[in-house]
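Novice: So that we are looking at the same thing, I have put the structure below in structure tokens.
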Amino acid sequence: MAAILLDVDGVLHVSGEPIPGAAQAVRELRAAGHRLRFVTNATTRAKAQLAAELQAMGIELDVSEVQTTADAASVALRGKRVLALVMHALIHDLEELEIVGEGADAVLIGGADDSPETNLVFSYMNLARAFAELELGAELYCLHRNRWWQTRRGPLLDSGCFVAGIEYAAQTEAVVLGKPSAAYFDAACEALDCEPGMTWMVGDDLETDIVGARGVGMRAVLVRTGKFRPDALDASRVLPDGIVSSIAHLPDWIEDHL
């Protein structure tokens with residue numbers, strides 16, 4: 001039996017379309033006695049909504065098994081005054097934080113999607129406000145710094161470009177709260193009461209899933225769905241312990257390699 005961290009977008013679904021065999025694979029992993037945690041960098045929907053969407057796809061899970069970047073932010077930024085450039089749906093998951101419009105101790109950059117709300121959250125005025133707070137001494141944090149994400153229409157630009165722009169303007173470096181940060185993976189291990197060396201990370205993103213997991217001593221499996229690109233794998237200095245066509249093949253692969 002193992003502790004297994006499952007990425008969500010690109011592993012279980014793409015743009016809300018389930019990966020064939022994903023729900024059955026989760027059932028088989030549970031039946032084999034593996035402990036599961038669903039770890040995601042998704043930043044545009046509340047945790048409860050994410051869990052409900054996965055359940056609607058037939059994936060058996062409890063909302064408490066889902067770990068988000070908002071969870072990480074709630075821990076890291078507790079007690080600070082936070083200027084948050086995030087989607088409105090995420091505000092509920094950040095309710096433990098003191099969200100302010102000025103006089104911030106921390107600036108938090110969230111994620112993007114392809115809705116008109118992205119234009120509002122990352123407007124020039126909001127980015128300029130964030131820059132001003134950083135110039136006054138606030139610290140910069142981001143839920144993630146993903147460059148792009150995979151949709152049914154192809155790759156779309158993510159909010160990593162805004163993080164990089166703010167870093168350049170303010171001459172600072174953002175603290176990443178989601179994957180691939182060590183703290184995010186450590187929190188997942190703590191939730192499952194397991195050691196990194198006995199934990200598997202399953203993901204589609206070499207940069208956030210595989211490199212991040214290997215960096216804290218976990219073993220990692222890359223799926224050939226979602227963001228998977230053969231050229232990125234060929235160019236990567238950090239390689240997964242295994243590669244499967246999709247999560248549908250994971251239960252048998254894990255059984256053979258434990």
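What follows draws every value from the coordinates through simple rules; no lab data is involved. Just so it is clear, the model here is predicted, and its values are computed rather than measured. As a convention, Cβ positions derive from the backbone with ideal geometry for all residues, glycine included, and neighbour counts pool all protein chains shown.
Novice: How much length is gained if the chain between residue 100 and residue 243 is pulled fully straight, taking 0.36 nm per residue apart and subtracting their Cα-Cα distance, in nm to one decimal?
Specialist: This chain segment gains 47.1 nm when fully extended.
Novice: Here is a follow-up. Let a ≥ b ≥ c be the square roots of the eigenvalues of the Cα gyration tensor of the stretch 197-258; is it rounded (a/c under 1.5), or, if not, prolate (a/b larger than b/c) or oblate?
Specialist: oblate
Novice: At a Förster radius of 30 Å, what calculated FRET efficiency corresponds to the Cβ-Cβ distance of residue 164 and residue 255, to the nearest 0.05?
Specialist: E between residue 164 and residue 255, to the nearest 0.05, is 0.10.
Novice: Here is a further query. Can you list the residues, at least 5 places off or on another chain, whose amide H is less than 5 Å from the amide H of residue 81, using H built in the peptide plane?
Specialist: Placed amide hydrogens put 105, 106 under 5 Å from residue 81.
Novice: Just to verify a number: FRET efficiency for residue 132 and residue 31, C-beta to C-beta distance, R0 = 51 Å, to 0.05?
Specialist: After rounding, the FRET efficiency stands at 0.40.
Novice: Here is a further query. Could you run the Karplus curve 6.51 cos²θ - 1.76 cosθ + 1.60 with θ = phi - 60° over the stretch 177-188 and give me ³J(HN,Hα) per residue in whole Hz, x for Gly and Pro?
Specialist: Working through the residues one at a time gives 9, x, 4, x, 5, 4, 4, 5, 5, 4, 5, 5 Hz.
Novice: Taking 0.36 nm per residue of separation and subtracting the Cα-Cα distance, what length does fully extending residue 234 through residue 156 add?
Specialist: Result: 25.9 nm gained on full extension.
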